[in-house]
Structures are given as structure tokens and as C-alpha cells.
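S.K.: There's a structure below that I have some questions on.
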Amino acid sequence: MRHRAAFLQRWEGLLLVLLAVTVVYNALNAPGYMTLGNWINLFQLSIEKIIVALIMTFIIINAEIDLSVASVMGFSACTAGFLYANGTPMEWAVAVALLAGVAAGLFNSFWIGVVGLPSLVVTLSGLIGYRGLAYVLVEDRSIGGFPQWFNRLGQQPLIGPFPLALIIFFVLLVFAIIILQYSGFGRYVYVIGNNKEVARYSGVHVRRTKMILFVTSSTIAALAGILYAARLGAVRGDMATGFELDIITMVLLGGVSIYGGSGTMWGVLLSVLIILNLRNGMGLANLSGHVQTGVIGALLILSVLAPNVAGQVRSFWNRRRAQRMETGNA
Amino acid sequence: MNELRRRFQPEQIRELVLIGLILALALFFSTQIENYLHPRTFTRISTSVAVVAIVAVGQTLVILTRNIDLSVGSIVGFTAYATGTMLAANNDLPPLAVVLMAVGMGAAMGALNGVLVAYGRVPAIIVTLGTLAIYRTLLVEFSGAKSVLTSELPRWLVNLPPLNAFSIGAVEIRLLFLIALIVVIAFQILVTYMTWGRRLYAIGSNPEAARVAGFPAQRMVFTAFLLSGALAGLAGFVFLARFGNITVVAGQGIELKSVAAAVVGGVNINGGIGSPFGAFLGALLIDIIDNSLIRWLAISEFWRNALLGLMILLAVATDTVVMNRLRKAWVRHELQTSSASLSVEQGGARHAT
């Protein structure tokens, strides 16, 4: 146990170093980088993904995965757009869009929790299906012209210099840290992720916990989708396509194991900061958006490969040392 | 009943049900769409299914080993684009060399996936989500945002899609469809009759037991990814021949379609169950729905992805609920008959002594 704690500290230490390097690079290459306004801007550019990454952390620690989040984002945004275009007041359209997210979450968690299908398949078909529903609603049009207050919420600061999405993120972050690291529910999430069977025999409500997580995941994704629509000022069927890759990368790079049971919200926060700074730095170095996506993809693989290789090397050396000691004793 | 039980395994029953479903669907659409049961419909669906069917066979090999390959769409796009630009620059390249080049490129990309999954011990979903982005990035960088145009391609390639291999009555079997059929049949034979193929099932149904039995599991997972990449490369060539105009988004979404085809075709996502032929039937079913929805006026064609998602769920749900029961019934029956014959033998032996 101590061994693992040491490893985690080292992983987060590595993340800190990486963060420092990217921040220093950016600060040296861009004047006015270390200003509050620029940092808010940095967050604002991918705020929707960061918000969803918070709940994705819970899901992956629980040894599950939710590939449908980006499609749910698109689905809820298109629901709001569709209703508004058909004469519903924007307040109601937003409320129904959130409910659409809840419904998607209930649908996912029915198949995962009640029928017992693997979350990979359920959310993969969700990835296809919810995107399909988004297209059913808006077809190949783009719906815009939302009321002023709605666009302002997405694009203008709300309190001081902070826009609404950023405030929501910080509130959710505090909740996420408290629930995951300091509450009974959070412990259950870890226990189930470590060993589902043991958790079940210990009287943990495995099914209920998973269902709560998947409903929350889709609900937060729907909220993020609406925020995205407000920021863009329009919705389209293909909005947020491929975001699941970025979101999962943020979580895994933060040291959360894809096999579940380990990782912390702090690590994810660090990796979010790294990815934001990295994207900004690559932008400064004139790399296109596609190259940035490729680099993030490579980072995703490396974030799992590196500890594996390190572990193999370490066990190889331990074996060597043990052998040497044996021969020394003989 | 016993005779039937011996002749049909649950997997075959599932495939028969799928064939029945395909026929029923064709019948249904023929009442809804004018001129549906026309040879031209068959030609249209058979040429469009060729790409996904080839990819789905490779996907099946990977899923059988309890892994998944989400990078195939990017591999299809990359090989289609790369071979297309090479052909546009040099119209005299021999056809066979082009095909081999496409397969080779795909195999190299599949090999990278395989190394990372089998030897790097990184979960397949992570590796292939990553390479999905990386291969697409390579394509975009490589292209400089230019497209391959049909007018730049050599005549033989442009004439390939309408080329007939042979006809059965008025129904024409196009060459591209024949290639897909050959791939399906070859790999069906591989997994049914060859040692390597049988071991693939062993690894997927119980990796630990396969390891104890001494199967080279790592190498086989690597080879499965390599073959999946190579088949995606071949599909990239077919894609190029079929569409001619290749942009940087070519092949996007094929990874999901191939997984869907495999899963609808009875390949279990947890490995060890399913066959290339089943995946082919799955691809066919999906393509019939796709193609017919465009022509069916009752509902909008935009429904097709929503329906596809639901179809995958239902397919997997029936697999877990119905197929597990069927399989258990079969195993129970086999146990009963074998224990009955065993006790008869033992009884006979006791009498003899």
C-alpha cells in the first residue's frame, strides 16, 4: 500500500514538473501570459470538456467508461436549439434539454445496471445513437439567433471577470473533491473500482452506485452541451464530436487507472492544467489543431505506457537484485 | 430434437436468425419502396457493404481476443488517401503493387497498435483511441488539406467499381464485392479449421487458461491487430476505388460501423464468441437499413444513426440474455449425455471384472 502511495506521489510530481515546463515555455514566449484574463480565456476555450472530465474521473475510478458524453452534449444542445426554433421560450428549452440529458443517463444506466451489459458497449451505442438523435432534431441545419441573455451567459463575464461556465466548473470541482476524496460515497466508488465482487459481498450497493454515476455523467454532459451552445451562439448536429477522446485523455493523464480503483481528483486537475497549457503552447509554436489532437492522442497512450514500462523495468531490477543476493548468500 | 441439437450450435442458430431478419427486412422494404426487389438494389447494397465487411472481419479477429480496434477508420482513410496520391502522381503503377502497398501500410499501422497492446500492456481501447487521432493527424499533415480527385486517377481504377466478376441471372456480383466475400470466407476457414484460429477463441474466452496451456497469447494478440490493420488497408484501397474523390475525413466513423457490424453479427464484446461470417451478416443488415432508409419516405434518413445505436444495444442484450441461456442448455444436455454414456461404460466394465 505504501508502495502505491509513493508511486502516486511520484506520478503527480511528474505532472507538476510537466506543468511547470509548459507554463514557463508559454510565459517566455507570450507577453501577457501570466495575466488573470489570459488564464480565464485559457480555461474558457475548453471549459465544457473540463467540466465533463470531473464526472468522468468518478466513472473511470469505478472501472467503467462513458464514451457517450460528447454525443449527449450534442444531443442536449440540439434539443434546446430545436425547441427554441419551434417557439418554446429559451428557459423551458434549456430545462427540457437538461431533462434530455437525465433521460439519456437513465437509459444508459438501465442497460448497465439492470440488464448488466458492459458500459463500453452501452455507451458506444450511445455515442452513435445520441448523435443520431441530435441529427434527427436539427438535420443538417445550424440553429442560432438565441436570446441575448443566453448568449451573454456563454460569452460574457458573470461575476467579476468570471464567466458562468467557469464558476460552474469551480463549484463542481469543490463538490467533486469533497465527494470523491472525503465522503463515504467516494470510498464506495474506489472500492467498487478495485474489486466489484468484494464490494458486493461487503454490502456496498454496486448497482445503485454505478447507476447514480451514469445518470450524473449524462446530466453534467447535457449541462456542458448547453454551455457550449451558449458560447458558440448556435447549435449543429455535429457539435462536440470527438470530445470524448480529449475528456478521457485528461482523466487518464491525471494518473487515474483505466482498470479502476486508483487516481485522485488532484491528479486530474493537474493534467487539465497541463493540457490547457500544452494546447496553448502548441498554438504559440504554430502547430495546427489537428497536430494538437495527434499529440494529445500520443500523450494518452504514453500516460498508460510509461508507468507500465517503468513497472516492468522495476520488477526486472528487483528480480536481478534478488538473484544476486541469493547467489551471494550461497 | 437431439439430432437438431447436435447439428446446430447456438452460434449457428443466431446466424440463421440473422439471415431470417435480413430476408424479412428486404421483404418489408419491398412493400414500402417501389422497385425495391430489383437487381440494382442488390448491386447498390453489395458495393457499399464491401468496405465495412472487410474491416469488420479484421475487427472480429481483434474482438475475439477480448480487445477492440477503434483506429481502423483512420487507417482506411490514410491508406485510401496515400495510395490515391501516389496513383495520381504516377498513373502507371501496376494494380497489384498498389493493393500490396495499401495492405502493407495498413499492416504497419496495425502492428504499432499490436505492439502497444500485446507487449506494452496498454488497454486496447486507450491505444486505439490514441492512434485513431494520431493516424488521422498524419493524414491531415500529409495531405496539406488537398483532396484526391477522380480525374487524376488511372482509368483501370475508375472502371473498377462497375466491373462485374460474374452474374447469376440478372444479379451481378461486382468484383469489389467478390473481394469482400473472399476475405470473409478465407477468415471464416481460418478461425474454424486452423490451429491459430481456434486458439484465438481460447485466448478470448479465458486468457489465463490459454496462458497456462502455453499459447503464445501476446504474439497472437499482436498478429490479430496486424491483420486488422492489413484488412483496413485493403478496405482503404476498395474505398479509393469506390469513391475516387478522397478528402481528409475519408473513412471517419468506419471504426464504429465495424464494431457495430461485429456486435450485431453475434461477436461477443468480451471475446471468445463469434465469427467473420456473422460479422459479415451484421454489416449486411446495417447496410440494408442504411440504404433503404434513404429511399423510404415514411421516416427521415436522419434516423439511421439513432436506429443503429439502438440495434447494437438490442443485439448485445439478446446475446447476454438469450444466448447465455441457450448455451447453458446445450452444455447441460451434453453433460447429461456424456455422463449417461460414461455410467453405461463403467457398468459394462464392472460386469466384465
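S.K.: Starting from the Cα gyration tensor of region B:1-72, take the square roots of the eigenvalues, sort them a ≥ b ≥ c, and report rounded, prolate or oblate (rounded when a/c is under 1.5, otherwise prolate if a/b is larger than b/c, else oblate).
M.R.: On the way: a/c = 3.15, a/b = 1.16, b/c = 2.70.
The shape class here is oblate.
S.K.: Return the calculated 222 nm mean residue ellipticity for the protein assembly as shown, to the nearest 500 deg cm²/dmol, obtained by summing -39500 (n - 2.57) across DSSP H runs with n ≥ 4 and dividing by the residue count. Each step should come with its number before you reach the end.
M.R.: Working: 29 runs with 508 residues, N = 683.
Result for the protein assembly as shown: -25000 deg cm²/dmol, rounded to the nearest 500.
S.K.: Report the per residue volume, in Å³, of the convex hull enclosing the C-alpha atoms of the protein assembly as shown. Write down the numbers at each step before the final one.
M.R.: Working: hull volume 156.6 nm³, N = 683.
With only Cα atoms used, the protein assembly as shown gives 229 Å³ per residue.
S.K.: Additional query: Once the Cβ-Cβ distance between A:A285 and A:E197 is put in as r, and R0 is 51 Å, what FRET efficiency do you end up with, to the nearest 0.05?
M.R.: Working: r = 49 Å, r/R0 = 0.95.
FRET efficiency, A:A285 to A:E197: 0.55.
S.K.: At a threshold of 8 angstrom on Cα-Cα distance, excluding pairs fewer than six apart, so keeping six or more, what relative contact order does chain A reach in percent? Don't skip to the answer; put the middle values down first.
M.R.: On the way: 469 pairs, mean separation 103.7, N = 330.
Rounded, it is 31 percent for chain A.
S.K.: Quick one: length gained pulling B:A213 to B:I22 fully straight, 0.36 nm per residue minus the C-alpha distance? List each step's numbers first, then the result.
M.R.: Working: separation 191, 0.36 × 191 = 68.76 nm, distance 3.99 nm.
Extending this stretch completely gives an extra 64.8 nm.
S.K.: Could I ask something else about it? Got a sec? Charge dipole of the protein assembly as shown, +1 on Cβ for Lys and Arg, -1 for Asp and Glu; which of B:T150, B:I185, A:V268 is way out at the positive end?
M.R.: About the Cα centre, the residue reaching furthest to the positive side is A:V268.
S.K.: Report the relative contact order of chain B, percent, no decimals, based on alpha-carbon pairs under 8 angstrom and at least 6 residues apart.
M.R.: Numbers: 535 pairs, mean separation 113.5, N = 353.
Averaging sequence separation for qualifying contacts and normalising by length gives 32 percent for chain B.
S.K.: Viscosity 0.890 mPa s, temperature 25 °C: what is the translational diffusion coefficient of region A:129-192 from Stokes-Einstein with a Kirkwood Rh over Cα pairs, rounded to a whole number of µm²/s? Could you put the intermediate results ahead of the total?
M.R.: Details: Rh = 15.4 Å.
Answer from the Stokes-Einstein relation: 160 µm²/s.
S.K.: Using DSSP to define loop residues, name the GluC sites (Glu not before Pro) in region B:1-95 whose beta-carbon has at most 14 other beta-carbon atoms within 10 Å.
M.R.: Values: sites: B:E3, B:E11, B:E15, B:E34; in loops: B:E34.
When the GluC sites (Glu not before Pro) of region B:1-95 are filtered for loop state and at most 14 Cβ neighbours within 10 Å, B:E34 remain.
S.K.: Now for a different question. Of B:I288, B:I125, B:V51, which is farthest towards the positive pole of region B:2-339's charge dipole, taken about the Cα centre with +1 and -1 on the beta-carbons of Lys, Arg and Asp, Glu respectively?
M.R.: B:I125
S.K.: Can I ask one more? Give, as a single signed number, the net charge of other residues whose beta carbon lies under 13 Å from the beta carbon of A:Q312, with Lys and Arg counted +1 and Asp and Glu -1.
M.R.: Numbers: positive: A:R314, A:R319, A:R320, B:R121; negative: none.
Combined, the nearby Lys, Arg, Asp and Glu give +4.
S.K.: Using 1/(1 + (r/R0)^6) with R0 = 60 angstrom and r between the beta carbons of B:R242 and A:M34, what's the FRET efficiency to the nearest 0.05? If you can, show how the numbers build up before the last one.
M.R.: Details: r = 53 Å, r/R0 = 0.89.
Working from the Cβ atoms, E equals 0.65.
S.K.: With only Lys, Arg, Asp and Glu charged, each at its Cβ (+1 for the first two, -1 for the last two), find how big the charge dipole of region A:16-286 is about the Cα centre; round to the nearest 20 debye. Please list the in-between numbers first.
M.R.: Details: 13 positive and 10 negative charges, 72 e Å.
Dipole size: approximately 340 debye.
S.K.: For B:T150 and B:A97, calculate 0.36 nm times their separation in residues minus their Cα-Cα distance, and state this gained length in nm to one decimal. Write down the numbers at each step before the final one.
M.R.: Details: separation 53, 0.36 × 53 = 19.08 nm, distance 1.95 nm.
Length gained between B:T150 and B:A97: 17.1 nm.
S.K.: Ok, one more. For the residue pair A:N86 and A:S142, what label-to-label distance in nm results when each label sits 7 Å from Cα along the Cα-to-beta-carbon direction?
M.R.: 2.3 nm
S.K.: Given a Förster distance of 56 Å, report the FRET efficiency between A:A306 and B:A170 from their Cβ-Cβ distance, rounded to the nearest 0.05. The partial results should precede the final answer.
M.R.: Working: r = 60 Å, r/R0 = 1.07.
So the FRET efficiency works out to roughly 0.40.
S.K.: Using a 10 Å cut-off on Cβ to Cβ distances, tally the other chain neighbours for every residue of A:237-250 and report the average as a whole number.
M.R.: Values: counts 2, 0, 0, 0, 2, 4, 0, 1, 5, 1, 0, 4, 4, 0.
Averaged over the peptide's residues, the number is 2.
S.K.: Rounded to the nearest 20 debye, what is the charge dipole size of chain B about its Cα centre when +1 sits on each Lys and Arg Cβ and -1 on each Asp and Glu Cβ? Walk me through the intermediate numbers first.
M.R.: Numbers: 25 positive and 17 negative charges, 143 e Å.
I would put it at about 680 debye.
S.K.: Rg and Dmax of chain A, using alpha carbons, in Å: what are they?
M.R.: Reported Rg and Dmax, both Å: 21.5, 87.
S.K.: Here is a follow-up. Can you tell me the Rg and Dmax of region A:78-118, counting just the alpha carbons, in angstroms?
M.R.: Computed over the Cα atoms of region A:78-118, radius of gyration and Dmax are 13.6, 40 Å.
S.K.: For the protein assembly as shown, give the magnitude of the charge dipole about the Cα centre (Cβ charges: +1 Lys/Arg, -1 Asp/Glu; no others), in debye to the nearest 20.
M.R.: Values: 46 positive and 29 negative charges, 353 e Å.
Charge dipole of the protein assembly as shown: 1700 debye, to the nearest 20.
S.K.: How are the C-alpha pair distances of chain B spread across 10 Å bins, as whole percents from the shortest bin up?
M.R.: 5, 23, 30, 24, 11, 4, 2, 1, 0
S.K.: Sticking with this structure for a sec: Among B:G204, B:A24, A:M90, which residue has its Cα furthest toward the positive end of the charge dipole of the protein assembly as shown, with +1 on Lys/Arg Cβ and -1 on Asp/Glu Cβ?
M.R.: The listed residue farthest towards the positive side: B:G204.
S.K.: Given H placed 1.01 Å from N in the peptide plane, which residues other than close sequence neighbours of B:R174 have an amide H under 5 Å from its amide H?
M.R.: B:A165
We did not get these values from a lab; they are worked out from the coordinates using the rules stated. All values derive from a computational prediction rather than experimental measurement. Every residue, glycine as well, gets a Cβ built from its backbone with ideal geometry; the counts of neighbours run over all protein chains shown.
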